[in-house]
Amino acid sequence: MSTIVETNGSGLGVAALTETTLTGTADTFTYRSGGKQVLILRNPTGGALSPVIDGNGGTTASIDGLGVVSVASGYSVGSIADGEAVAIPLDTINKYLAGTIAITTGTGLVASLLRTR
């Protein structure tokens with residue numbers, strides 16, 4: 001289990017990102033609603049990985065244009081190829097982040113959590 005530490009990127013100039021290598025079992029971070037956080041996942045592993053971000057407090061959520069949907073199984077990021085990186089604005093997936101958050105099936109990914117506000 002690894003804890004992804006937030007980097008404050010709201011100041012002037014350069015902010016050095018804190019990087020955390022994920023273990024794939026209950027890697028976690030703290031979500032700040034409205035905090036303009038971006039989770040960056042980089043894959044240096046040599047193979048594709050498909051992580052899932054899941055808050056244990058999520059069951060169903062009402063989504064405009066979709067109605068009531070299940071968020072219980074977490075947010076599937078999709079396949080991240082070797083050498084690629086993705087950036088996830090966390091406020092856009094906030095319904096999946098209720099309770100204690102865990103990232104699973106991401107062993108070897110390098111994660112950074114950037115707050116821009």
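For segment 56-103, the fraction of 1.4 Å probe accessible surface lying on carbon and sulfur atoms is 50 percent.
Positive-end ranking of M1, L113, Y75 along the dipole of the chain, with charges on Cβ about the Cα centre, is headed by L113. For the pair segment 84-117 / segment 35-76, the C-alpha centres are spaced 7 Å from each other.
Looking only at segment 78-117, which residues have a backbone nitrogen under 11 Å from a spot 7 Å from the Cα of A48 in the C-beta direction? Residues passing the 11 Å test: 78-82. Each DSSP beta bridge with both residues in segment 1-92 is either parallel or antiparallel, and the antiparallel ones are about 90%. Here the chain has an Rg and Dmax of 14.1, 42 Å, counting Cα atoms alone. Mean separation of Cα pairs under 8 Å and 6 or more residues apart, divided by the residue count, gives the chain a relative contact order of 45 percent.
Rounded to the nearest 20, the size of the Cβ-charge dipole of the chain about its Cα centre is 280 debye, with Lys and Arg at +1 and Asp and Glu at -1.
Once the 1.4 Å probe is applied to the protein heavy atoms, the chain comes out at 52 Å² accessible per residue.
Take the Cα of T23, step 7 Å toward its Cβ, do the same at S70, and the gap between the two points is 2.9 nm.
The values are calculated or read from the model by the stated rules, or taken from the named source; none is laboratory data. The shown structure was predicted, so the numbers you read here are calculated from the model rather than taken from an experiment. Using ideal geometry, Cβ is built from the backbone for each residue, glycine included, and neighbour counts are taken over all protein chains shown. Areas reflect the complete protein model, heavy atoms only, side chains present, ligands, DNA and RNA absent. Shrake-Rupley method; radii C 1.70, N 1.55, O 1.52, S 1.80 Å.
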